[in-house]
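Asker: Right, I'll just put the structure down here and ask away after.
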Amino acid sequence: METKRARLFLDANILFAAQLRALLLALAENGTIDVHWSDDVQREWAEALAAKRPELAASIVRAQAAMADAFPEAAVQNYKHRVAQFELPDPDDRHVVAAAASAACPIILTFNLRDFPDAALTPHGLIAMHPDTFLAGLMSADAKSLVFAAATARDLLKNPAIAPDRYLANLARLGLEKTALLLAAYQDAI
């Protein structure tokens with residue numbers, strides 16, 4: 001019996017860090033999760049990263065092109081008419097909820113949980129979840145898939161190559177402390 005894959009809408013802050021982005025895309029590629037984003041989200045993370053690290057501008061363009069090629073169904077369209085339906089602490093985040101609802105993604109993966117309160121999301125069948133909570137739960141349910149995805153993601157990050165222990169330390173530094181701790185038991189496979 002095939003288990004139902006989690007449908008995730010990825011907020012811009014999730015796509016910002018290459019290591020987290022690579023891990024989630026590896027999970028999507030191996031069929032563990034379905035990922036979605038919008039052009040607005042793609043623009044947000046690209047502009048934020050380019051502002052912080054201008055030397056990565058060409059890499060950002062290549063990453064976005066690779067994401068579009070690998071996951072053409074991930075880009076959510078026709079959601080802007082729904083933006084006004086949602087009330088959030090920061091009105092600039094309403095496009096995220098509109099796109100997630102339009103794509104029938106019940107989970108918005110974000111580091112900014114306070115910007116997506118349950119009271120605003122629950123009536124629409126949505127929840128906001130921290131990536132560490134999601135990945136630690138996935139580790140409990142399907143450790144093999146997460147370990148495989150972590151190994152795949154680490155292998156993709158070759159400029160420079162990253163040792164498994166450093167990869168896990170970087171995940172923890174990104175705010176994925178529980179996930180890094182759980183993956184440490186499988187460090188030899190990563």
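Asker: How many angstrom lie between the Cα centre of the range 97-159 and the Cα centre of the range 27-41?
Answerer: 10 Å
Asker: Let me ask something else about it. Going by amide H atoms built from the backbone, whose H comes under 5 Å of the H on residue 108, apart from near neighbours?
Answerer: Residues meeting the criterion, in which the H sits 1.01 Å from N, are 9, 127, 128, 129.
Asker: Throw me the Rg/Rh for the range 18-106, computed over C-alpha atoms with Kirkwood Rh, two decimals. Walk me through the numbers on the way to the answer.
Answerer: Working: Rg = 13.9 Å, Rh = 14.1 Å.
Rg/Rh for the range 18-106 comes to 0.99.
Asker: Would you calculate the convex hull of the Cα atoms in the range 77-134 and tell me its volume per residue in Å³? Kindly include the intermediate steps, with their values, before the conclusion.
Answerer: Numbers: hull volume 4.4 nm³, N = 58.
Here the figure is 75 Å³ per residue.
Asker: With charges only on Cβ, +1 for K and R and -1 for D and E, what is the dipole size of the range 44-190 about its Cα centre, in debye, rounded to 20? Provide the component values of the computation, followed by the final result.
Answerer: Details: 13 positive and 17 negative charges, 52 e Å.
Charge dipole of the range 44-190: 260 debye, to the nearest 20.
Asker: For the range 114-167, which whole percent of the accessible surface, found with a 1.4 angstrom probe, sits on carbon and sulfur atoms? Before the final figure, lay out each step's value.
Answerer: Details: 1670 of 2930 Å².
So the carbon and sulfur contribution to the accessible surface is 57 percent.
Asker: Against the 2.2 N^0.38 Å scaling, with N counting residues, where does the chain land? I'd like the Cα-based Rg ratio to two decimal places. The partial results should precede the final answer.
Answerer: Details: Rg = 16.2 Å, N = 190, 2.2 N^0.38 = 16.2 Å.
That ratio works out to 1.00.
Asker: Label residue 73 and residue 144 with points 7 Å out from Cα along Cα→Cβ: what is the distance between them in nm?
Answerer: 2.3 nm
Asker: Taking the Cα centre of the range 16-113 as origin, work out the dipole magnitude from +1 charges on Lys and Arg Cβ and -1 charges on Asp and Glu Cβ, in debye rounded to 20. Working shown, then result.
Answerer: Details: 8 positive and 13 negative charges, 24 e Å.
Using Cβ point charges on Lys, Arg, Asp and Glu, the range 16-113 gives about 120 debye.
Asker: Given H placed on each backbone N at 1.01 Å, which residues far from residue 71 in sequence or on other chains put an amide H within less than 5 Å of it?
Answerer: none
Asker: At 1.4 Å probe size, with every protein chain present, just tell me what the per residue accessible area of the chain comes to in Å². Before the final figure, lay out the partial values.
Answerer: Numbers: 9740 Å² over 190 residues.
Ligands and nucleic acids excluded, the figure is 51 Å² per residue.
The values are calculated or read from the model by the stated rules, or taken from the named source; none is laboratory data. Owing to the predicted nature of the structure, the values given are computational and were not obtained by experimental measurement. Virtual Cβ from ideal backbone geometry, glycine too; neighbours counted across all protein chains shown. Heads up: the accessible areas ignore ligands, DNA and RNA and are worked out on the full protein's heavy atoms, side chains in. Shrake-Rupley method; radii C 1.70, N 1.55, O 1.52, S 1.80 Å.
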